[in-house]
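The values are calculated or read from the model by the stated rules, or taken from the named source; none is laboratory data. It should be emphasised that the depicted structure is a prediction, and the values quoted were computed from it without experimental measurement. A quick note on method: Cβ atoms are made from the backbone with ideal geometry, for glycine too, and the neighbour counts reach across all protein chains shown. These accessible areas exclude ligands, DNA and RNA; they are computed on the full protein's heavy atoms, side chains included. Shrake-Rupley method; radii C 1.70, N 1.55, O 1.52, S 1.80 Å.
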Amino acid sequence: MLTIQSNVSLKPYNTFGIEAQARYLVEISHENDLPALLLLHDFVDVPKLILGGGSNVLLRRDFDGLVVKMAIQGIEVVREDDNHVYLNVGAGVNWHQLVAYCVAHGYAGMENLSLIPGTVGAAPMQNIGAYGVEIEQVFESLTAVHIPTGEYRTFTHADCAFGYRESVFKHELKGQYIITRVTFRLDKVPTFHTRYGAIQETLDAMGVSEDKLSIQAISDAVIHIRRSKLPDPSQIGNAGSFFKNPEISAEQFAQLKETYPDMPGYPLADGGVKLPAGWLIERAGWKGYRKDDAGVHAKQALVLVNYGGATGDELIALAQQVQASVYKKYGVCIQPEVNVI
């Protein structure tokens, strides 16, 4: 039986630790409850906000509608072949717990995505990625419920229209579906990705030689890097990387390199170049900046933080100042990765 709460604080449900109220909140632990909820007469026309781990949202005000907290669990091997293992996973499963499960069982492909906050259901929406790997590389399909009708639909890889931190659920189908389960395709024989960021340097420091390389070692290295650079949301409110890494043309990058020879850039398949937003923000002078309780993290300029009492509007104002400053200095637009509610 569904329990719908009224006038609930959302502070425990968002990693920024923003104080906001939800008019209604319900937790979904069983898939069958979702269509029934969506078709309840009292809630058909009520605005809905779907939350997983609350790790990629910034709340600007109270939510005058129904917050649906997805808590569907379960990790199941549904099939395998000579090269792959296919896992069907509930939308409410903690993302890092899934990665740890895969690493422990020798299922390769997710190890570079260790310690990313949030839940499985939110991962395809954002096409989460880190250290040279994106979720689309291990994605097989997902099941979602159509909010207006309560009907289930299966989405293939092609249906999701994945891009850099993008999917069809952030654009054409925004607000129309709730993801309930995701199927992943993991490799039995790993392909190691160690060239991005400080992974190889960290592996070297850990004493992991090439012949001892494993998905466990890569996961350990990623966890070490993330913990050394990123604040723990239980200590300082944040949503991880606030901005996307911008993509520019090779020509613009060549021009910028003339003025800033040490500017890093990563070549893209389409001939463009991806710039590290954290580098741009830090060099624009924002690293460690603080005004009242809103700030830029002292160890990673890509992360905006709430030191306790910041509002969503204060963090948005800071983000806009950072964007304007980076554009003025480099002529490069950086866009938020976080969903602003």
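Out of Lys229, Lys274, Lys299, I need the residue that is within 28 Å of Gly54 (Cβ to Cβ), surrounded by fewer than 13 Cβ atoms within 10 Å (Cβ to Cβ) and under 23 Å from the mean Cα position of the chain (by Cα). Which one? Result: Lys299 is the single residue among Lys229, Lys274, Lys299 that is within 28 Å of Gly54 (Cβ to Cβ), surrounded by fewer than 13 Cβ atoms within 10 Å (Cβ to Cβ) and under 23 Å from the mean Cα position of the chain (by Cα). Taking the conditions exactly as written (assigned to a loop (DSSP other than H, G, I, E, B), open to solvent by 20 Å² or more (accessible area, probe 1.4 Å), hydroxyl-bearing (Ser, Thr, Tyr) and within 21 Å of His30 (Cβ to Cβ)), does Thr143 satisfy them or not? So Thr143 fails the test. Take the range 1-51 and flag every residue that is without any contact (Cβ under 8 Å) to a residue 60 or more places away in the chain and among the hydroxyl-bearing types (Ser, Thr, Tyr). If the condition is that a residue be without any contact (Cβ under 8 Å) to a residue 60 or more places away in the chain and among the hydroxyl-bearing types (Ser, Thr, Tyr), then Thr3, Ser6, Ser9, Tyr13, Tyr24 are the ones that fit. Regarding the range 269-290, can at least one residue be identified that is under 30 Å from Lys11 (Cβ atoms), touching a Ser or Thr at 6+ places or on another chain (Cβ under 9 Å), among the acidic types (Asp, Glu) and at pLDDT 95 or above? No: zero hits. Residues that are polar (S, T, N, Q), modelled with pLDDT under 95 and surrounded by fewer than 20 Cβ atoms within 10 Å (Cβ to Cβ) are absent from the range 63-77.
I'd like to check something: does the range 312-325 contain any residue that is at pLDDT 95 or above, surrounded by 22 or more Cβ atoms within 10 Å (Cβ to Cβ) and part of a loop (DSSP other than H, G, I, E, B)? No, the range 312-325 has no match at all. When Val89, Val85 are checked against the criterion of being modelled with pLDDT of 95 or more and either within 30 Å of His297 (Cα to Cα) or surrounded by fewer than 22 Cβ atoms within 10 Å (Cβ to Cβ) (or both), a single residue qualifies: Val85.
Count of the range 326-341 residues, restricted to those that are open to solvent by 50 Å² or more (accessible area, probe 1.4 Å) and part of a loop (DSSP other than H, G, I, E, B), is 3.
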